[in-house]
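Comments concern the structure below.
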Amino acid sequence: MSSELSVIMPVYNSKKFLEESANSVLSQQYDSLELLLIDDGSTDGSRVLIHKLSAQDRRVRPIFLPSNSGPARSRNAGIEQATGQFIAFLDSDDVWLPEKLKLQLQFMKETGAAVSFTAYRKMDLSGKLGETVRVPEKANYHKLLKTNSIGMLTAVYDRKQVGTRLLPDILKRQDYALWLQILRDGHVARGLNRVLAHHRIHGNSISRNKLDAARYQWRVYRELEGIGRCRSAWYFSHYAVYGLLKHR
């Protein structure tokens, strides 16, 4: 049975938070959805939990990959089997507010948006809420090159407008590369500045994560977008400044 919207959720050793994340999808104030749980070679009992969730709710579609292949390939495995017109993403430790999809799809249909994204709040491992991440009204290709304002846990794209889009197979920033790929074709992403999701922060080696993110940011400019060294440096300087302002 096809659904209007497909939720792509990669799973790797996510037993601790998986049920909470999945239930935040299944309890949405919006019914025409399927939840694709793509297990990427988990060893912690996540697979047993996926079987349990799929037995409890027919909207859950399990996909079991033979070995660990990384976040891009696991998400792409879900996208390739999705039936929905709209593709949404949620990691297996983040959560959506109950009205998220209802409000966001209404927003997309009213504005004709090919891609949409919303504000969200950060939370710690215990679920305590922290900083709110606000979003602009819209983002085009050149604005997105300066800073990524699209949180993957909030993003939805419309396959009728942009086609079926897969993530580039890189370890980090693959979501950012996907949005650039779509917006490069002339589409505009529209932001709904309302908190509709909570992003769990694990806090492990934050400085190292920032350094790795910077490396992959540069790789996206040079290798995936094919931007020259000087222009890449110009965009990277904006990325760095925005990053500093964001974390002041």
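Residue check, LEU129 against (1) under 30 Å from TRP234 (Cβ atoms); (2) in contact with a strand residue (DSSP E or B) (Cβ under 7 Å, 6 or more places away or on another chain); (3) in contact (Cβ under 8 Å) with a residue 40 or more places away in the chain, all met but one. Which one?
Exception for LEU129: condition (1).
Okay, residues lined up against (1) over 23 Å from GLN161 (Cβ atoms); (2) touching a residue at least 60 places away in the same chain (Cβ under 8 Å); (3) small (Gly, Ala, Ser); (4) not assigned by TED's automatic domain parsing to the domain that holds VAL156:
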| residue | (1), (2), (3), (4) |
| --- | --- |
| SER27 | yes, yes, yes, no |
| GLY41 | yes, no, yes, no |
| ASP44 | yes, no, no, no |
| PRO71 | yes, yes, no, no |
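With (1) of a type outside the set (Ser, Thr, Tyr); (2) outside the structural domain of ALA82 (by TED's automatic domain parsing); (3) surrounded by 15 or more Cβ atoms within 10 Å (Cβ to Cβ) as the list, and GLU223 as the residue in question, which single condition is left unmet?
(3)
Filter the range 139-158 for residues that are under 27 Å from LYS102 (Cβ atoms) and either in a helix (DSSP H, G or I) or more than 15 Å from the chain's Cα centre (by Cα) (or both) and give the result. Talk me through it step by step, then tell me what you get.
Here is the first cut: in the range 139-158, the residues under 27 Å from LYS102 (Cβ atoms) are 139-140, 144, 148-158.
Those that are under 27 Å from LYS102 (Cβ atoms) and either in a helix (DSSP H, G or I) or more than 15 Å from the chain's Cα centre (by Cα) (or both): ALA139, ASN140, LEU144, MET152, LEU153, THR154.
Of the numbered conditions (1) farther than 28 Å from SER3 by Cβ; (2) assigned to a loop (DSSP other than H, G, I, E, B), ASN209 fails exactly one; give the number of that condition.
(2)
Where in the range 1-102 are there helices (runs of 4 or more DSSP H), lying fully within it, with 3 or more residues that are surrounded by fewer than 17 Cβ atoms within 10 Å (Cβ to Cβ)? Break it down into steps so the answer makes sense when it comes.
Details: elements: 15-26, 46-56, 71-81.
Once the helices (runs of 4 or more DSSP H) in the range 1-102 are filtered for at least 3 residues that are surrounded by fewer than 17 Cβ atoms within 10 Å (Cβ to Cβ), what remains is 15-26, 46-56.
Which one of these does GLY130 not meet: (1) at pLDDT 95 or above; (2) not in a loop (DSSP other than H, G, I, E, B)?
Every condition holds for GLY130 apart from (1).
Within the range 30-38, is there a residue that is over 17 Å from the mean Cα position of the chain (by Cα) and at pLDDT 95 or above?
Filtering the range 30-38 for residues over 17 Å from the mean Cα position of the chain (by Cα) gives 30-32.
Keeping just the survivors that are at pLDDT 95 or above gives 30, 32.
For the range 30-38, residues over 17 Å from the mean Cα position of the chain (by Cα) and at pLDDT 95 or above: present.
Of the residues VAL156, VAL135, which single one is closer than 15 Å to ASP94 by Cβ and buried (at least 18 other Cβ atoms within 10 Å of the Cβ)? Break it down stepwise before answering.
Numbers: VAL135 fails: closer than 15 Å to ASP94 by Cβ.
Of VAL156, VAL135, the one residue that is closer than 15 Å to ASP94 by Cβ and buried (at least 18 other Cβ atoms within 10 Å of the Cβ) is VAL156.
Those residues that are at pLDDT below 95 and farther than 22 Å from HIS198 by Cα, I need them from the range 1-29; list them, please.
Within the range 1-29, MET1, SER2, SER3 qualify.
Pick from the range 103-117 the residues that are in a strand (DSSP E or B) and out of contact with any Lys or Arg (no Cβ under 6 Å at 6 or more places or on another chain): which of them is surrounded by the most Cβ atoms within 10 Å (Cβ to Cβ)? Walk me through it before giving the result.
First pass over the range 103-117, keeping only residues in a strand (DSSP E or B): 115-117.
When the remaining residues are screened for being out of contact with any Lys or Arg (no Cβ under 6 Å at 6 or more places or on another chain), the result is 115, 117.
Details: VAL115: 25, PHE117: 29.
Only one residue tops the list, namely PHE117.
Looking only at residues in the range 226-244 that are of a type in the set (A, V, I, L, M) and modelled with pLDDT of 90 or more, which one is surrounded by the most Cβ atoms within 10 Å (Cβ to Cβ)?
So the first thing to find is which residues in the range 226-244 are of a type in the set (A, V, I, L, M), and the list is 227, 233, 240-241, 244.
Okay, now just the ones that are also modelled with pLDDT of 90 or more, so 227, 233.
Working: ILE227: 17, ALA233: 12.
If we take residues in the range 226-244 being of a type in the set (A, V, I, L, M) and modelled with pLDDT of 90 or more, then ILE227 is surrounded by the most Cβ atoms within 10 Å (Cβ to Cβ).
The values are calculated or read from the model by the stated rules, or taken from the named source; none is laboratory data. Nothing here was measured: the structure is a model prediction, and the numbers come from that model. Positions of Cβ are generated from backbone atoms using ideal geometry, with glycine treated the same way; all protein chains shown enter the neighbour counts.
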